[in-house]
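Since the structure comes first, as structure tokens, the remarks are kept for the end.
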Amino acid sequence: MKESIHISPSRSTDIVSVGFLKMLLRGSGQVMFQNNVWTGALFLVGIFVGSYMEGQSLVAYGAVVGLLVSTLTGYFLPITEDDGDAGLWGFNGILVGCAFFTFMGNSAFTWLALILCSMTTTWVRIGFNNLLAPFGVNSLTFPFVFMTWIFLFSAREMQNLPGNFLSVPSLTVHLVPYNELSIVDLLKYWMQGISQVFLINSWITGLIFVIALFISNKWAGIWALIASAIALAFAIAFKTSETSVADGLYGFSATLTGIAIGMTFYQPNWKSAIWAVIAIIITVFIQAGMNALLLPYGIPSLTAPFCIATWLFLLPQFKFTTDN
């Protein structure tokens, strides 16, 4: 069924309110499927802490602008208010904001592009959801992925859109030799796999995110920890790039897949847990494949591996009951 169209004449009077602030914070939380104000607030704290520690404070401010713009866009469109109240207008936008200043330089044109991209994700999400509704799945974070890809590709052509931090296009995968990994290294990489959901490379941010998840739902926190650990183990076992492992780049899509399959779309039990573990492992291989696929363009895969893996494991629409 297509998403319903309805607009309240009182919306414009509600923007400066506690309700609107809660809508924004839920939008932050919904990146990891959590409709919880406190979880969303802690996610923002984690983003600011990690981005300042990395010397990339613009990532945090971009996240706030992306969240605000995408939420306001939904606020003024003739669409159902239920999604807005649950924070579903804002979660793609906040990821756009994080991504733009992770991969692009600071300029007036970057801010303009960020606003346009964040704004567009709100109605693109509605379109993709309508397109996918007959298959019983939704667009997840793909509106963020799709629109950010467009703008990152545009940066290759537009000189005033500085793609300062995009990878250098290459036809060859350059693997970094492994050094001996300590327990401390592994613990940091484990947490960074979770922090990278918001493109933040900080184990402290990852720990804040885990606490935020447990505040909302213990299963969300458990599956984030399990998924990042499994992804880290498989990335090391199959000897992916040590740089990617150290930066948590094999953990973030797997973390989202784990939360999605492990507790969001399936009821947690031992049968769905097995399904979720397999989905997490497959996400790692999709991640590696997409990294190689996009290497000639120097474009990041973002959360596309999570979207693809989750769709693959939701489309069968299995019922994992414990009755048999």
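So the values come out like this:
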item: Cα gyration tensor shape of region 100-244, rounded if a/c is under 1.5, else prolate or oblate by comparing a/b with b/c; result: oblate
item: Computed lengthening from Trp38 to Phe165, 0.36 nm per intervening residue step minus Cα-Cα distance; result: 42.5 nm
item: Cα gyration tensor category, rounded, prolate or oblate, for region 183-314 with a/c compared to 1.5; result: oblate
item: Solution diffusion estimate, µm²/s, Stokes-Einstein, region 11-155, Kirkwood Rh from C-alpha pairs, 20 °C, viscosity 1.002 mPa s; result: 142 µm²/s
item: Cα gyration tensor shape for region 175-257, rounded if a/c is under 1.5, else prolate or oblate; result: prolate
item: The chain - Rg and Dmax from Cα coordinates, angstrom; result: 18.9, 62
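Readers should treat all values here as calculations from the given coordinates under stated rules, not as data from a laboratory. Since the structure is predicted, the reported quantities are computational estimates derived from the model, not experimental observations.
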